[in-house]
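See structure below.
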Amino acid sequence: MKIRIKFRKRGVMKFVGHLDMMRYFQKAMRRAGIDICYSAGFSPHQIMSFAAPLGVGLTSDGEYFDIEAHSSPSSSEAIRALNETMADGVEVTGYVRLSDDAKSAMSQVAAADYELRLPEGFLPSYSAEEWEEKIKKHFRDAESFTVVKKTKKGERALDLKPLVYEFCAGECGGICFFLKVSTGSTENVKPELVLDALFERLGICATPAVSVHRREIYARTEDGRFLPLLDMGEEIA
């Protein structure tokens, strides 16, 4: 059976890289007694795949990975067993069964929500309403929003307009920006790239060290809607 697991990552655990998180959950599966499947061959390993690696220093409420299991307890029992093995800063929040023909989380990723917060005392000190006006003028009302993106093969011009689905500013204990951006293997847009490009257009030379928090990861349905990856499965009773 195919299982999809959702977890959040906060606090000091944001400094743990993707490969170490994979090893962390491999140990957690054994400690929690999850009947996970192993690959065949001389060096068997747990069948586990993550949706979209999270950068070091970022926090998240919407991280996912898939496993294959021979059998499984109920969703609530599995979540409880896994959380009993978790370190501070990591919490399993979802555990659902997928259909036998379901694609992997990694192949389904299409978009992600992010929240970016400006550091305290950042200048210029625009209000949330003023930031909204600038985003509307320079991004939402613009015909294009082209940036130079660095890749392994060099640099290329990239229009972010069709790849940023939402971009707005608000007040949440300080100025914060909300973005829904294209994510995945085809076009992966970092939210910091969008914000840096806006600052450049506003003539803000000193790029602030914003805190980045990923809220959710989505798949795209056939009718074009974005669906959280957890909603593609069903809880186990």
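Any read-out appearing in this document is the output of simple, stated calculations on the displayed coordinates, not a laboratory observation. What you are looking at is a predicted structure, and each value in this text was computed from that prediction instead of being measured. We place every Cβ from the backbone using ideal geometry, glycine too, and count neighbours over all the protein chains shown.
Just a few scattered comments:
- Within the shell defined by Cβ-Cβ distances under 12 Å, the residues around residue 133 carry a net charge of 0, with Lys and Arg each +1 and Asp and Glu each -1.
- Neighbour cut-off at most 13 other Cβ (10 Å), DSSP loop, GluC sites (Glu not before Pro), the range 47-92: 84
- In the range 118-237, inverting the average of 1/r over every pair of distinct C-alpha atoms gives 16.2 Å as the Kirkwood radius.
- Charge tally in the Cβ shell below 11 Å around residue 212, where Lys, Arg are +1 and Asp, Glu are -1, residue 212 excluded: +3
- Local electrostatic count, residue 85, Cβ distance below 13 Å [Lys/Arg +1, Asp/Glu -1]: +1
- Using 0.36 nm per residue and subtracting the Cα-Cα separation, the extra length available between residue 23 and residue 235 on full extension is 73.8 nm.
- Structure note, pairs 149/180; 136/180; 152/180; 6/190; 103/136; 9/190: Cα-Cα distances above 26 angstrom occur for 103/136.
- Reference-scaled alpha-carbon Rg (2.2 N^0.38 Å with N residues) for the chain: 1.12
- Separation between Cα centres of the range 167-237 and the range 20-79, rounded to whole Å: 24 Å
- Solvent-free Debye scattering, log10 I(q)/I(0), computed from the Cα coordinates of the range 2-106 at q = 0.09 Å⁻¹: -0.21
- Cleavage-rule hits, GluC sites (Glu not before Pro), the range 98-158, DSSP coil, Cβ neighbours within 10 Å at most 10: 120, 143
- Per residue, the average separation of C-alpha pairs within less than 8 Å and at least 6 apart gives the chain a relative contact order of 26 percent.
- Simple spin-label estimate for residue 220 and residue 123 gives 4.3 nm between the two label positions (7 Å along the Cα-to-Cβ direction from each Cα).
- Restricting the calculation to Cα atoms, every distinct pair contributes to the Kirkwood radius of the range 106-159, found to be 14.6 Å.
- Neighbour-limited loop hits for trypsin sites (Lys or Arg not before Pro), the range 58-166 (at most 10 other Cβ within 10 Å; DSSP other than H, G, I, E, B): 152, 153
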